[in-house]
Amino acid sequence: MVKHPYKVHVWGAFCRQGPIGVALFTENMNSAKYREILQSQLLPNAYHAGYGWNFQQDNAPMHTAKLTHQFFVINNVPVIDWPANSPDLNPIENLWAILKGNVERRVNNWVMKKKSLGANDFQGIIQQEWDNIDKNLFFSLADSMSDRINMVIENNGYTINY
């Protein structure tokens, strides 16, 4: 794996029907940045999820901040209460692993061709790989939630391999 000198954060959301939004940014995430992304990516695109959708997020500090909670209330965003330390119940974790692998392959190919990889090139690769995710993957990850929940229940609440 080729190391790159660029720090890029990726926020993404999806539903059964496909991607809802993605944001690439270089600054650190905080509650203000998180709300800015939700405003620009989630709110205008959440209709893709259809009627009766719920927003799932982990318990990172910027997600549970008072101003973030107020943002959700003001904008009528239904947020699921989520247990701490439960990445096995968060299907986007699987998506991040796939995206990371695809980006790493592209970066390695880029560097093997002796091309210089700039920050814009790196962000472009991330965006292209997000755009190239098969729509069926979004469906299968969203659809896996009932199985995941049942497996955790059968495992008495302990972590599962998913």
Tilt relative to the chain, helix 145-154 - C-alpha long axis, 0 to 90 degrees, to 10: 60 degrees
Only Lys, Arg, Asp and Glu count, each charged at its Cβ (+1, +1, -1, -1), so figure out the dipole size of the chain about its Cα centre, rounded to 20 debye. 660 debye
q = 0.11, 0.16, 0.23 Å⁻¹: log10 I(q)/I(0) that the Debye formula gives for segment 12-85, counting C-alpha atoms only: -0.26, -0.56, -1.20
Coil-residue trypsin sites (Lys or Arg not before Pro) of segment 1-101, DSSP, other Cβ within 10 Å capped at 11: Lys3, Lys7
Charge dipole (the chain, unit charges on Cβ, about Cα centre) - positive-most of Asn102, Gly21, Met62: Asn102
Straight distance only, please: which lysines reach the Cα of Lys114 with their own Cα at less than 18 Å, same-chain residues fewer than 8 apart left out? Lys3
In Å, what Rg and Dmax follow from the Cα atoms of segment 94-159? 16.9, 52
Helix 92-112 sits at what angle to the longest principal axis of the chain, using alpha carbons and giving 0 to 90 degrees rounded to 10? 0 degrees
Per the helix-only model, the chain has a calculated mean residue ellipticity at 222 nm (DSSP H runs of ≥4, -39500 (n - 2.57) each, divided over all residues, rounded to the nearest 500) of -13500 deg cm²/dmol
Would you mind computing, in nm to one decimal, how far apart the modelled labels at Ser40 and Ala60 are, each placed 7 Å from Cα along Cα→Cβ? 1.6 nm
Between Ser86 and Met112, how high is the FRET efficiency from 1/(1 + (r/R0)^6) when r is the Cβ-Cβ distance and R₀ = 41 Å? Nearest 0.05. 0.60
Just checking my list (i) 1.12; (ii) 1.00; (iii) 1.43 against Cα Rg over 2.2 N^0.38 Å computed from this structure; which label fits? (i)
Which listed pairs, of Lys7/Lys100; Lys7/Lys115; Lys33/Lys66; Lys7/Lys66, have C-alpha distances above 21 Å, in listed order: Lys7/Lys66
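Quick note: the coordinates plus some simple rules give every number you see, no bench work behind them. Model, not experiment: these values are computed from the prediction. Cβ coordinates were reconstructed from backbone atoms using ideal geometry, including for glycine residues, and neighbour counts include every protein chain displayed.
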